[in-house]
1. For the chain, find the longest principal axis of its Cα atoms and tell me its angle to the long axis of helix 296-307, 0 to 90°, nearest 10.
2. What figure, in Å² to the nearest 10, do you get for the accessible area of Tyr350 with a 1.4 Å probe and non-protein molecules left out?
3. How many nm is it between the label spots at Asp125 and Gln202, if each spot is 7 Å from the Cα in line with the beta carbon?
4. Computed FRET efficiency, Cβ-Cβ of Val243 and Leu113, R0 30 Å: what is it to the nearest 0.05?
5. Take the alpha-carbon positions of region 82-194, form their convex hull, and give its projected area averaged over all directions (one quarter of the hull surface) in nm².
6. Tell me, what is the 1.4 Å probe accessible area of Phe144, in Å² to the nearest 10?
7. Run through region 77-141 and list the trypsin sites (Lys or Arg not before Pro) located in a DSSP loop whose Cβ has at most 16 other Cβ atoms within 10 Å.
8. For region 125-276, what does the accessible surface come to per residue with a 1.4 Å probe? Please give it in Å².
Amino acid sequence: MTEQAPTEQATGPLSGVRVVDLTRVIMGPFATQILADQGADVVMIEAARGDTNRVMGPGPAPQFSGVSLNILRNKRSAALDLKNTGHAAVVRRLIAEADVVVATMLPGALRRLGLDYESVRAINDGIVYCQAQGWPLDSESADFPAYDDIIQSAVGVGDMMNRVAGEPSLLPTIFADKVCGLAVAQAVTAALFHKERTGRGQHVEVPMTQAMTAFMLAEHGSGSIPEPPTPQGSMPATGYPRVMTPERRPQQTADGWIQILPYHPKHFLAIFTEAGETQLANDPRFCDLAAAIKHAHELYPLMRDIVKRRTTAEWIGFCREAGIPAVPMATLQDLVDGLPLADHPVAGRYRTLPPTANFSLTPASVRRPAPAVGEHTGEALGDDSIWTA
């Protein structure tokens with residue numbers, strides 16, 4: 001396990017890009033963490049009490065939850081009251097010198113604070129202004145509060161889980177927040193690319209329901225996408241059959257758990273032959289990929305019965321030889337144990353999450369540890385620009 005030490009030098013592909021971060025909780029901070037990891041200079045504007053992510057779960061010190069130690073890294077914190085005239089002037093000065101503003105406050109609040117796109121554009125015409133909220137700006141729901149649970153329910157996750165498990169439920173992760181955080185980071189870099197080519201900034205909107213609808217229906221639109229819909233026998237037209245069966249889950253081996261995914265007919269043939277199930281080797285239900293997808297609800301129970309006959313190591317060895325996708329099932333703790341260690345000046349030792357991408361010439365890095373609330377307020381209020389600090 002490699003130990004990481006923070007460095008002040010930005011080497012990422014976004015080195016030199018200045019970002020004013022008007023986001024909260026997870027979605028926006030996750031997006032700006034990605035930008036910061038990739039070299040951007042991110043100044044986040046926090047309330048004096050600090051952001052919610054600072055108290056999301058346990059942590060080694062006040063203000064520093066396990067969540068905030070990574071999601072706030074590579075950023076500077078200015079504790080400013082946006083309703084205070086003097087503090088608002090400081091934020092506008094930061095914006096005047098920035099390349100990007102990322103905002104996740106409700107549209108009405110941004111307008112009242114004079115931080116909506118038109119107001120910001122009047123300060124800095126070349127700004128890339130990325131705004132993310134639950135629903136599109138032109139909808140009557142634009143100012144409705146939206147958290148992950150709300151968005152998951154609004155984009156069909158509850159229905160999907162009802163069809164798989166027999167009761168509506170949500171995925172046990174802040175799924176929509178993180179997917180939309182990725183969408184925000186990608187949208188910002190796309191707009192920066194356009195600005196690099198044309199010199200023009202622009203308004204970028206990432207409505208969570210829109211981004212998640214595109215995400216969910218990439219495969220689950222399925223037979224309902226053609227018009228008229230293409231039937232799937234007795235199944236609803238929506239939903240990708242292979243992943244909508246409750247039978248799709250890790251398989252228990254003789255000594256643990258594994259995930260084996262035979263994806264092509266040769267994979268099925270190899271497993272059935274190895275297990276001595278010769279009657280299944282030429283079964284028309286699994287003779288090609290389309291048939292296997294259609295009959296996944298029958299294939300997976302057969303696989304579970306076969307897999308439990310051998311150990312995890314035996315199956316991994318066989319699958320590697322046969323070219324069949326397979327992996328031992330990891331626990332969340334397994335993932336944590338594989339992370340490198342770093343030292344935080346206040347919170348002590350902590351484990352650092354990996355960047356979302358690796359760049360050969362401009363690597364992402366952890367340059368600054370997560371700041372205390374308002375650690376850089378003095379720089380922001382000073383006569384000299386915070387961007388030169």
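The values are calculated or read from the model by the stated rules, or taken from the named source; none is laboratory data. Remember, it's a predicted structure, so these values are computed and weren't measured experimentally. Neighbour counts are summed over all protein chains in view; Cβ atoms, including those assigned to glycine, are modelled from backbone coordinates with ideal geometry. Heavy atoms of the whole protein, side chains included, go into the accessibility calculation; ligands, DNA and RNA do not. Shrake-Rupley method; radii C 1.70, N 1.55, O 1.52, S 1.80 Å.
1. With rounding to tens, the tilt is 80 degrees.
2. About 10 Å², rounded to the nearest 10.
3. So the label points at Asp125 and Gln202 sit 1.8 nm apart.
4. 0.10
5. Taking the Cα atoms of region 82-194, their convex hull projects to 8.6 nm² on average.
6. Per-residue accessible area (Phe144): approximately 110 Å².
7. On the way: sites: Lys83, Arg92, Arg93, Arg111, Arg112, Arg121; in loops: Lys83.
Filter output for region 77-141: Lys83.
8. On a per-residue basis, 52 Å².
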